[in-house]
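Encoded as structure tokens, the structure appears first; notes follow it.
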Amino acid sequence: VEEYKRPKFQVQIDAPETAAKLGGSVKLRGKATAYTGASTDDAKVSWRVVREVQYPVWWFWRCWWMPPQQPSGQEIAHGTTVTDAAGVVDVELTAKPDRSVSQESEPTFRYTLYADVTDTTGETRSAQRSIHIGYTALTASMSAEKWLTTDQPVEIRVRTTTLDGEGQKAQGVLKIYAVKQPNRVSAAPLPGRGSRYRAGQVPASDPTNPNSWPLGELVYETDFETDASGNAVISDELANGIYRAQLETTDRFGKAVTAQLPVQVLDPNATKLTLKLPDLYASPAESPVPGEEYLAIWGSGYESARAFVEVVHRGKLLQSYWTDPTATQASIKQQITEAMRGGFTVRTT
């Protein structure tokens, strides 16, 4: 690197010494140090703080009528100062929450301090530090495989962490409900139209969206306890159907923390799809390897339906056929050979 481009000092911003509280004062300390070890004093510091809202994963399932997009960051403070004789600068800010965001959504606010430090020679170095603060001190989430069948127990992975993502031990209750399916199948609207609902005009449920269907019978309930890393696995056998798992726990201050997870279980041996969905395509493996047989399930909740199946590899049609019109669920199989490396396409119409 040319000598004139070589940096002469660096900037580091430390995490706050005491845990920050929402609405309280937070002090962040930065230090500018020359690579020789000397402090960079009397350097001009220009800083700003940006607040971002982060929703838990399940928020997009619960708020099914809203498009899954995160709001942009908002600058809530800025200023200028100088480093002291030790090259240190302190920035104090108030962790203001976004009052337009409901507490029931269990949001986390990320506050990021951006600092640009310019020494007496005109060289500028930058650093940043983010802290996460919320209405609760704990966050919980659940996950499961996309391919869940009646052939084996359904495993739900529970994760409890601090707002900064570090595993945290917690106890709580996990419940699994069957959802109430609509009386008839409804086709979803064409894509690319955005949300169909306006503020104040959201219906109680949408017959085309299983995430909006109301809860039905409670089919499973258990207590859980995550380990020191914040992990636990819950296993249970579920029948063919659509379910919603709900988790309840508390943080160290006793505040309620929740999570949700939609769960869909298929019977791979069935010839009728019992789910009130107009069109379903599911597969256990998105990246099969040569020597394996690719398996997928197509199905429709209509009383009578069939699909035209095509398997294409490099422009060559390997399979094309109509499914049995008397069966509303069918298996699609394709043997994978070495020549099929690079991928292939399955179309169902």
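The values are calculated or read from the model by the stated rules, or taken from the named source; none is laboratory data. Computed from a predicted structure; not experimentally measured. Backbone-built Cβ (ideal geometry, glycine too); neighbour counts: all protein chains shown. Please note that ligands, DNA and RNA were not included when accessible areas were found on the heavy atoms of the full protein model with its side chains. Shrake-Rupley method; radii C 1.70, N 1.55, O 1.52, S 1.80 Å.
See the values below:
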{"read-out": "Criterion violated by PRO290 - all others in (1) open to solvent by 10 Å² or more (accessible area, probe 1.4 Å); (2) farther than 23 Å from THR345 by Cα; (3) touching a residue at least 40 places away in the same chain (Cβ under 8 Å); (4) not in a strand (DSSP E or B) satisfied", "value": "(2)"}
{"read-out": "Filter result for ALA239 (in contact (Cβ under 8 Å) with a residue 24 or more places away in the chain, out of contact with any strand residue (DSSP E or B) (no Cβ under 6 Å at 6 or more places or on another chain), closer than 26 Å to THR139 by Cβ and not in a strand (DSSP E or B))", "value": "no"}
{"read-out": "Number of positions in region 234-247 that are open to solvent by 30 Å² or more (accessible area, probe 1.4 Å) and under 18 Å from the mean Cα position of the chain (by Cα)", "value": "1"}
{"read-out": "Enumeration of residues in region 331-349 that are open to solvent by less than 80 Å² (accessible area, probe 1.4 Å) and within 31 Å of the chain's Cα centre (by Cα)", "value": "SER331, ILE332, GLY343, PHE344, THR345, VAL346, THR348"}
{"read-out": "Some residue of region 300-307 being assigned to a loop (DSSP other than H, G, I, E, B), among the basic types (Lys, Arg), closer than 21 Å to ALA188 by Cα and open to solvent by 60 Å² or more (accessible area, probe 1.4 Å)", "value": "yes"}
{"read-out": "Pick from region 1-38, criterion without any contact (Cβ under 8 Å) to a residue 60 or more places away in the chain and of a type in the set (Lys, Arg), ranking: surrounded by the fewest Cβ atoms within 10 Å (Cβ to Cβ)", "value": "LYS5"}
{"read-out": "Residue within region 308-318 that is surrounded by 13 or more Cβ atoms within 10 Å (Cβ to Cβ) and closer than 25 Å to ARG157 by Cβ present", "value": "no"}
{"read-out": "Tabulated pairs, region 112-126, first in contact (Cβ under 8 Å) with a residue 40 or more places away in the chain, second part of a loop (DSSP other than H, G, I, E, B) and open to solvent by 40 Å² or more (accessible area, probe 1.4 Å), C-beta under 6 angstrom, 6+ apart or interchain", "value": "GLU123/LYS8"}
